[in-house]
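The block underneath contains the structure these notes are about, expressed in structure tokens.
The values are calculated or read from the model by the stated rules, or taken from the named source; none is laboratory data. Computed from a predicted structure; not experimentally measured. When we count neighbours, we look across all protein chains shown, and the Cβ atoms used for this are built from the backbone with ideal geometry, even at glycine.
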Amino acid sequence: MSRRLKLRDLHMLEAVSAAGSMARAAEQLAISQPTISKAIADLDRDLGVALFDRSSRGAELTPSGYILLRRGRAMLDELQQGLQEIENLSDPTVGEVRVGAVDAWSAYISIVVERTSRRYPKIIYKVVFGDSDTLFTALRNRTLDVVISRAVLARSQPDLDTEVLFHDRVTVVTSAAHPLARRRNIALRDLLDERWVIGPPDSFLYQLMLEAFQAKGLPMPKAMVTTLSIQLRLDLLQSGYS
């Protein structure tokens with residue numbers, strides 16, 4: 001089977017999975033639908049399992065199809081990386097780095113990219129922002145090379161290698177014009193009735209806040225605005241939110 005399986009078969013498998021149907025995949029690959037249908041049927045026969053469940057809604061990967069696609073992506077990525085390494089033998093400062101990060105680290109990523117690009121101007125950076133679960137999935141699927149996330153979340157992924165880059169502090173922030181900004185000593189109790197902008201209950205920072213208030217025997221403050229958007233939080237800070 002390893003001698004019969006071709007890279008072209010893996011490309012077709014991925015195309016049908018992404019498109020959701022043989023017809024759309026054939027159109028995207030600029031080949032006929034019978035050609036792609038025969039290729040998938042030949043794979044089914046050689047493997048002895050069905051790779052897709054077909055219905056009037058299209059084609060959906062079976063568990064066997066998902067396994068082959070996941071492993072096939074790794075094979076294709078290794079091949080691509082090998083070709084890139086061969087190209088880099090002539091110039092090791094050329095290449096592409098695919099980075100994923102949570103929105104909270106956008107300022108950190110911008111500094112890293114800016115400094116590194118000055119040193120290696122021929123390197124191309126592809127930066128993707130998203131939630132940790134999505135980024136970890138992309139890392140496993142080899143569409144990202146590295147992910148910058150919170151250590152406590154990364155360490156919960158036993159199949160991934162993690163390294164602590166720095167230790168961060170959580171701080172309550174408000175507008176400079178807010179009355180509390182002029183006070184030198186503030187306790188958590190003083191913040192209960194403030195207008196808070198915080199993440200949703202399932203977010204990392206929300207859980208940290210909850211633990212901090214509960215440790216002092218205090219209820220969680222009521223959020224006036226719940227959002228994951230860093231930009232919206234910064235905008236609302238100008239209006240006196242915390």
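Within segment 8-53, no residue satisfies the criterion of being in contact with a Leu (Cβ under 7 Å, 6 or more places away or on another chain), aliphatic (A, V, I, L, M) and surrounded by fewer than 17 Cβ atoms within 10 Å (Cβ to Cβ). When segment 175-226 is filtered for residues that are more than 23 Å from W105 (Cα to Cα) and of a type in the set (D, E), the ones remaining, listed by number, are D190, D193, E194. When you scan segment 167-179, do you find a residue that is within 24 Å of K222 (Cβ to Cβ), without any contact (Cβ under 8 Å) to a residue 60 or more places away in the chain and not in a loop (DSSP other than H, G, I, E, B), even just one? Yes, the conditions are met somewhere in segment 167-179. Just one residue in the set V225, V164 is outside any loop (DSSP other than H, G, I, E, B) and hydrophobic (A, V, I, L, M, F, W, C); that residue is V225. In segment 204-219, the condition of being touching a strand residue (DSSP E or B) at 6+ places or on another chain (Cβ under 6 Å) and not hydroxyl-bearing (S, T, Y) is met by no residue. Cβ-Cβ distances below 7 Å connect the following pairs, each with a first residue in segment 193-220 that is on the phi < 0 side of the Ramachandran plot and at pLDDT 90 or above, a second residue that is among the charged types (D, E, K, R) and assigned to a helix (DSSP H, G or I), and a separation of six or more residues or different chains: L218/R189.
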